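Novice: I have a structure I would like to understand better, so I am pasting it below and will then ask my questions one at a time.
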Amino acid sequence: MKDPAITKERGTELFSSVLPTYEKIVNNKVKVSLTQNQFDALVSHTYNTGGSDTLFSLINKKASDTEIRKWFTERYVTAGGKVLNGLIRRRKAEADLFF
């Protein structure tokens with residue numbers, strides 16, 4: 001039986017092939033100027049969660065940093081109804097990159 005693992009190179013190739021889809025979503029949803037870090041954080045969040053119209057709305061209406069950070073770190077942190085530490089860390093990392 002073949003090893004189902006993929007190489008790092010193949011993983012990079014696969015990721016690069018899907019990344020434009022998520023970049024396009026962010027570009028279409030966000031109507032305000034973003035820094036590169038903000039764009040990257042939103043693309044990561046969209047790739048991992050499918051995106052959030054609420055988050056895009058907060059950014060477009062230029063909500064406070066506190067409100068945006070709170071949203072980033074308190075949403076999309078559960079799976080199967082349970083809060084997961086890995087998702088908490090991922091959302092925090094996306095928020096930290098955004099700010």
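Novice: Counting only residues that are out of contact with any strand residue (DSSP E or B) (no Cβ under 6 Å at 6 or more places or on another chain) and among the aliphatic types (A, V, I, L, M), which one in the stretch 63-79 is surrounded by the fewest Cβ atoms within 10 Å (Cβ to Cβ)?
Specialist: In the first step, residues of the stretch 63-79 are kept if they are out of contact with any strand residue (DSSP E or B) (no Cβ under 6 Å at 6 or more places or on another chain); the result is 63-76, 78-79.
Filter once more, keeping what is among the aliphatic types (A, V, I, L, M): 63, 68, 79.
Working: Ala63: 15, Ile68: 18, Ala79: 10.
My answer is Ala79.
Novice: If you don't mind, another one. Could you tell me which residue of the stretch 31-51 is modelled with the highest pLDDT, considering only residues that are open to solvent by less than 70 Å² (accessible area, probe 1.4 Å) and of a type in the set (Gly, Ala, Ser)?
Specialist: Filtering the stretch 31-51 down to residues open to solvent by less than 70 Å² (accessible area, probe 1.4 Å) leaves 32, 34, 38-46, 48-51.
From the residues that got through so far, the ones that are of a type in the set (Gly, Ala, Ser) too are 41, 44, 50-51.
Values: Ala41: 97, Ser44: 94, Gly50: 92, Gly51: 92.
The extreme case among them is Ala41.
Novice: Could you grab me the full set of residues in the stretch 80-99 that are open to solvent by 20 Å² or more (accessible area, probe 1.4 Å) and either assigned to a helix (DSSP H, G or I) or among the small types (Gly, Ala, Ser) (or both)?
Specialist: First, pick out the residues of the stretch 80-99 that are open to solvent by 20 Å² or more (accessible area, probe 1.4 Å): 80-90, 92-93, 96-97, 99.
If the condition is that a residue be open to solvent by 20 Å² or more (accessible area, probe 1.4 Å) and either assigned to a helix (DSSP H, G or I) or among the small types (Gly, Ala, Ser) (or both), then Gly80, Gly81, Asn85, Gly86, Leu87, Ile88, Arg89, Arg90, Lys92, Ala93, Asp96, Leu97 are the ones that fit.
Novice: Before we move on, is Thr54 loosely packed, with under 11 Cβ neighbours inside 10 Å and not in a loop (DSSP other than H, G, I, E, B)?
Specialist: On the way: loosely packed, with under 11 Cβ neighbours inside 10 Å: yes; not in a loop (DSSP other than H, G, I, E, B): yes.
When the stated conditions are applied, Thr54 passes them.
Novice: Does at least one position in the stretch 15-30 carry a residue that is of a type in the set (A, V, I, L, M, F, W, C), under 17 Å from Phe99 (Cβ atoms) and open to solvent by less than 70 Å² (accessible area, probe 1.4 Å)?
Specialist: Keep residues of the stretch 15-30 that are of a type in the set (A, V, I, L, M, F, W, C), which gives 15, 18-19, 25-26, 30.
Filter once more, so that each one left must be under 17 Å from Phe99 (Cβ atoms): 26, 30.
Okay, now just the ones that are also open to solvent by less than 70 Å² (accessible area, probe 1.4 Å), so 26, 30.
Checked the stretch 15-30: at least one residue is of a type in the set (A, V, I, L, M, F, W, C), under 17 Å from Phe99 (Cβ atoms) and open to solvent by less than 70 Å² (accessible area, probe 1.4 Å).
The values are calculated or read from the model by the stated rules, or taken from the named source; none is laboratory data. Every value quoted in this text rests on a predicted model; they were computed, and no experiment measured them. Please note: Cβ atoms are built from the backbone with ideal geometry, for glycine as well, and neighbour counts cover all protein chains shown. Side chains are part of the model used for accessible areas, which takes the heavy atoms of the whole protein and leaves out ligands, DNA and RNA. Shrake-Rupley method; radii C 1.70, N 1.55, O 1.52, S 1.80 Å.
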